Amino acid sequence: MKERSRAVPVDLAPYADNTGITSARATAAGAFNLWGNTFPAGELPPPGTAVVDGLPFRFPLAPAGEPDNVRCAGQLLPLPPGRYDWIQLLAAAERRTEDQALLHYADGAVDPEWLRVSDFWPQTRSRFGAAPAYECRVLHYPRHVDDKFGPVVWRHRVPVPRESDLAAVRLPDNPAIHVFAMTLVPALVPATEGAA
């Protein structure tokens, strides 16, 4: 689809504050959750552009063991201003979680929208109808790799209902939600707009 090809990946590297991806040789280098679990780097894309369901995402630009995701703590993330229909996320939660994000528009308006993220825990089904972006075969613990479980990074989306330029999003203050990547899907411009 044309609008997918114009999707705008957002650079989250300056806001990464949690390590959720580790190599099999350094499983103690991260702590996605209280038990120190992490995703296996070898089963996720390398840092850079990754395409999920036809959408480009800027996958964490950090080596395994370095901060690679944004653990939600009320951060205000500036966005490339524009009109968007969706905020697409590659995310996972320490348990199924839903909380409100605040959409900040260039004209000063602020709208609350639900950010719903399914549990990363292996063999847990999508709670909110999200599609799995990456289903791993193993789960890292601080001292070993467990091949009985496979965590999931989900593709979730947040609607942008207002037909105004979006300027920023404030993440919820909810440390159970982790965002690995974000992409903005431009709004479809009505045929009458821009017509002479």
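Rule-based calculations on the coordinates, nothing more; no lab input. Small disclaimer: the values here were computed from a predicted structure and weren't measured. Every residue, glycine among them, receives a Cβ derived from its backbone with ideal geometry; neighbour counts consider all protein chains shown.
Note on the chain: with a GNM built from Cα contacts shorter than 10 Å, the maximum mean-square fluctuation among Gly54, Gly42, Gly65 falls on Gly54. Could you pull out the GluC sites (Glu not before Pro) across the stretch 67-171 that fall in loop regions by DSSP (anything but H, G, I, E, B) with no more than 15 other Cβ atoms inside 10 Å? Answer by residue number: Glu163. Looking only at Ala133, Ala31, Ala106, which one moves most when the chain is put into a Gaussian network model with springs between Cα atoms under 10 Å? Between Ala133, Ala31, Ala106, it is Ala106 that shows the largest mean-square fluctuation. Among His140, His156, His104, the largest mean-square fluctuation in a Gaussian network model of the chain (Cα springs under 10 Å) belongs to His104.
Extension gain for Thr49 to His144 (0.36 nm times residue separation, less C-alpha to C-alpha distance): 31.3 nm. DSSP beta bridges fully contained in the chain are about 95 percent antiparallel.
Toward the positive end of the charge dipole of the stretch 2-186, with +1 on the Cβ of Lys and Arg and -1 on the Cβ of Asp and Glu, the farthest Cα among Leu90, Leu76, Ala167 is that of Leu90. For Rg/Rh (Cα atoms, Kirkwood Rh), the candidate list reads (i) 0.99; (ii) 0.96; (iii) 1.05; the entry that matches the value derived from this model is (i).
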